[in-house]
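Q: Dumping the structure here so I can ask a few things about it.
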Amino acid sequence: MKAEMFKGTGVALITPFHDYGTIDFTSLGKLTMHVIKGGVDFLVALGTTSEAPVLSADEKNAVLNHILEIAEGKVPLIVGIGGNNTQGIVDSLKSTDFEGISGILSVAPYYNKPNQKGLYHHFKSIAAASPVPVILYNVPGRTCSNISAETTLRLANEFSNIVGIKEASGNFGQIMQIIKNRPEGFSVLSGDDAITYPMMTLGADGVISVVANAFPGQFSKMVKLSLKGNYEEARKIHYDLLEIMDVLFEDGNPAGIKAALDAMGIVSNNLRLPLVKANKATYNKIASLVSKLK
């Protein structure tokens, strides 16, 4: 499977819930079709934006199967499989049915704070166990562990099925080292909507996006224009979306994007503890921006 599949705009799908806490599969289907029709290039299920840590194993399987059923193979689907227990992830990879799955997104271990040697061997074990391509996910703000450029490049060069990285460190020096020295076919994807445009001017290949849940058409267009080198037109869309991209994270993720989708009438504004809804002032700001961007 070629890494080029993972260029462009991927969307980290949220998980809609009913007021009484169960998964709202009707809204999940509606959202899936909304982003596909909006022109995204691939879907990401069961990432951190999906509230995966508070979903049971049965719920995760049900969410994944429903997205597969709705998407009908129109775009590739990546599934989040990661954590801080290396053997647990390996066991999960061995027991997962990968039919219809194009790759996995695997976040750096959190809380136990491995050093670079530990990170290397963690992802080496995942690469050995995964029957599908692996995209690394570096998000130090959430995990407290940073996959260095050197470790990323070592993994990219040594394991043919490690095909990309979702980079959310915000460290442009690190990001540029990866882009400059990566092997052919290794995708560098932004993990932060607000810096996707500047990353793409430096040679990144796309994004795994939160805001694209709500605005897949506009955001996908910005990414496509950037891939074609039309940075002037892309920059305009970037700045059109910049304010809402910032506001969506004022009360955390996915509280902000769920507020936006609620304001758009796509899903209800429900989260599972320990996450709670965006506060009223933030919701009102988001709703106002949504009305301007529709």
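The values are calculated or read from the model by the stated rules, or taken from the named source; none is laboratory data. Because the structure is predicted, anything quoted here is derived from the model rather than measured. Here Cβ is always computed from backbone atoms with ideal geometry, including for glycine, and neighbour counts include all displayed protein chains.
Q: Could you list, in sequence order, all residues of region 96-150 that are of a type in the set (Ser, Thr, Tyr) and crowded, with 20+ Cβ neighbours inside 10 Å?
A: Ser106, Ser130, Tyr137, Thr143, Ser145
Q: Of the residues Thr96, Thr48, which single one is closer than 21 Å to Ser209 by Cα and modelled with pLDDT under 95?
A: Thr48
Q: May I ask you to list pairs of residues, at least six apart or on different chains, whose Cβ atoms are under 8 Å apart, with the first in region 255-273 being farther than 16 Å from Ser50 by Cβ and the second being modelled with pLDDT under 95?
A: Close Cβ pairs (under 8 Å, with a partner that is modelled with pLDDT under 95) amount to Met264/Lys294.
Q: Quick check on region 104-123: of everything there that is outside any loop (DSSP other than H, G, I, E, B) and in contact with a helix residue (DSSP H, G or I) (Cβ under 7 Å, 6 or more places away or on another chain), which residue is farthest from Leu13 (Cα to Cα)?
A: Among them, the one singled out is Gln116.
Q: Under 6 Å by Cβ, and 6 or more places apart or on different chains, what pairs join a residue from region 210-239 that is buried (at least 20 other Cβ atoms within 10 Å of the Cβ) with one that is acidic (Asp, Glu)?
A: Pairs that qualify, where the first residue is buried (at least 20 other Cβ atoms within 10 Å of the Cβ) and the partner is acidic (Asp, Glu), are Val210/Asp193; Val211/Asp193; Leu225/Glu233.
Q: Please state which one of Phe159, Phe172 is farther than 20 Å from Leu46 by Cβ, surrounded by fewer than 18 Cβ atoms within 10 Å (Cβ to Cβ) and over 21 Å from the mean Cα position of the chain (by Cα).
A: It is Phe159.
Q: Would you call Asp97 over 20 Å from the mean Cα position of the chain (by Cα) and in a loop (DSSP other than H, G, I, E, B)?
A: yes
Q: I'm trying to understand the selection: among the residues of region 273-294, which are in a loop (DSSP other than H, G, I, E, B) and either touching a strand residue (DSSP E or B) at 6+ places or on another chain (Cβ under 9 Å) or among the polar types (S, T, N, Q) (or both)?
A: Asn279, the sole residue that qualifies.
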